[in-house]
Amino acid sequence: MPFVTKKPSYYLSALEEESTEPLHVGLYLAGSSINEERASDLVALGRAIHQTSRSIRCLWLRFRGGSESLLAAFSAFGDELVGATAIQSLVFEGKVGTAEVQCLSGFFTQNELRGLQFRRTDVDTSTFTMLEPFFFRTTTLKVLDMSSNSGVGDECINVVLDALMDGGTRLETLNLGESNLDGQPDENSRISGSGVASIASFVSKTPSLSSITLRLRHLDDIGIGEIALVVRTKDCNVRRLDLSGNFGNSGVKIFAEALKTNISLKTVSFGCYKILNDVGGQVLLNVVDPFSEPTHSSEWENVTRSNHTLQSVYILDRPTVTVNKNLITKLQSISTLDPHRTLQKKVWHHIDKNIEDISHLGLESNHMPNVLSFVHQHGTMDQLFRLTRSRNTPELFSNPSPERARMSYQMEKNERENEILKELLELEREKSEGLHEENSYLRSVFQNRDEAKKCCLMPIFKVLEMWRLFIELLKEPAQS
């Protein structure tokens, strides 16, 4: 139990300290009357909370009845809390009704509460109607606990959940429970099947929820079905779920079907007030343990379809619960691994059992490198050898292998391209030889022309002499 005191002055010195350590403040509010000194201390405490630089982890208010003077002093305490942002969570416990909560109405208009809890109080619809603006405006509230409050019924649930949903709540933890599931409640105040449906609708529309506790008389097979419809969807982000109510084997079977497709839940607790025996326990175990089927093929199907996220299922001790202790132990210690490693563990367990015959897995040759790597990682060299020599294993090395066939095609293509290149090279070579011969011929022709030039050249004076003689010959008279 948390520490509470009748002396508000007990916390004054701690609130004045400059410290980063969060502080717990617990007050015990009771008595037929309250003296002036205690009333003054209560006001001083409210003022100190408003002014402190320390974070207050929890303000716990335990009421055990009181007089008008106590209520007046508590109202003055509430006035001092208006605008206080140091309080992280607030707990009302005991003889608390609308009048007591109303004393903190000013505080509820401006705060940074992360948690709000009502424990075995007398709050009712009028209380939550008064708090409706707070639930609509809050952007910091993460935890809401309304367990064990006799006056909480369908109307209260609808007021709170509607206000939270309309305000775009970021609630992460929701606890709703009736004070005595075995007793005979007031028909006008209990949470009915309609209330359970409203809760399921709220959960489906609040993706921030990660932890839910529901302990309700009308959480029967129908109510379990409403919750199961939410849990089986891929949008469900709930990681912890605690369910207690009037259900047994049939309700557990309904919920087990939802667990097969759920990918978020890690822990589930069942408090059954109807008969739950090994039949229901085995149904839950089959969701996570696929190794109860006799044939290889169905076992492999169960491996792939089983839940890999769930780590623990707790079955609470009730007079109607007769599940075998070994079965309960198995459910409590399903896995400590993440979903991927849990699936790997199941796959290896199945392959190890059938190491010499995995033909039912429908593998092809291109899958085998990954299979061999998986067996090498999880098993021994002997198991790897037994797998490779098995006649029921897809051929590891075909002739030609898929890789060699691919390479052969590429090689043939390259060879054809090489032949074409060779032909082109021969043609170029022939052209080159023709050009070489033509160059040789032209070179010889030019050489002969040079010789001819040498032969034809004569000294210029000889030419001139011959020209002079020719002219003189022309000048001589002709003989008659």
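The values are calculated or read from the model by the stated rules, or taken from the named source; none is laboratory data. Everything quoted here is computed from the prediction, not taken from an experiment. Cβ sites come from the backbone with ideal geometry, for glycine too, and all protein chains shown count toward neighbours. These accessible areas exclude ligands, DNA and RNA; they are computed on the full protein's heavy atoms, side chains included. Shrake-Rupley method; radii C 1.70, N 1.55, O 1.52, S 1.80 Å.
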| query | Do we find that residue 280 is out of contact with any strand residue (DSSP E or B) (no Cβ under 7 Å at 6 or more places or on another chain) and surrounded by 21 or more Cβ atoms within 10 Å (Cβ to Cβ) in this structure? | reply | yes
| task | Return yes or no: is residue 268 modelled with pLDDT under 95 and crowded, with 19+ Cβ neighbours inside 10 Å? | result | no
| remark: For segment 209-239, the count of residues that are among the aliphatic types (A, V, I, L, M) and outside any loop (DSSP other than H, G, I, E, B) equals 9
| task | Any chance you could count how many residues in segment 155-170 are touching a residue at least 12 places away in the same chain (Cβ under 8 Å) and under 23 Å from residue 193 (Cβ atoms)? | result | 10
| request: Considering each of 336, 322 in turn, give the residue that is polar (S, T, N, Q), open to solvent by 50 Å² or more (accessible area, probe 1.4 Å) and modelled with pLDDT of 95 or more. | output: 322
| field | Leading residue by the ranking (modelled with the highest pLDDT) among those in segment 223-246 that are of a type in the set (S, T, N, Q) and within 20 Å of the chain's Cα centre (by Cα) | value | 237
| task | Report yes if residue 380 is hydroxyl-bearing (Ser, Thr, Tyr), within 18 Å of residue 305 (Cα to Cα) and out of contact with any Lys or Arg (no Cβ under 7 Å at 6 or more places or on another chain), otherwise no. | result | no
| task | Filter segment 341-383 down to residues that are surrounded by 13 or more Cβ atoms within 10 Å (Cβ to Cβ) and hydroxyl-bearing (Ser, Thr, Tyr) and give me whichever is modelled with the lowest pLDDT. | result | 365
| note | residue 245: passes all of (1) closer than 20 Å to residue 175 by Cα; (2) surrounded by fewer than 18 Cβ atoms within 10 Å (Cβ to Cβ) but (2)
| query | For segment 75-154, which strands (runs of 3 or more DSSP E) that fit wholly inside it have 1 or more residues that are of a type in the set (Asp, Glu), crowded, with 19+ Cβ neighbours inside 10 Å and touching a residue at least 24 places away in the same chain (Cβ under 8 Å)? | reply | 89-94, 143-147
| Within segment 76-97, can one find any residue that is polar (S, T, N, Q), modelled with pLDDT of 95 or more, out of contact with any Ser or Thr (no Cβ under 7 Å at 6 or more places or on another chain) and closer than 30 Å to residue 164 by Cα? | yes
| query | Taking residue 57, is it assigned to a strand (DSSP E or B) and not aromatic (Phe, Trp, Tyr)? | reply | yes
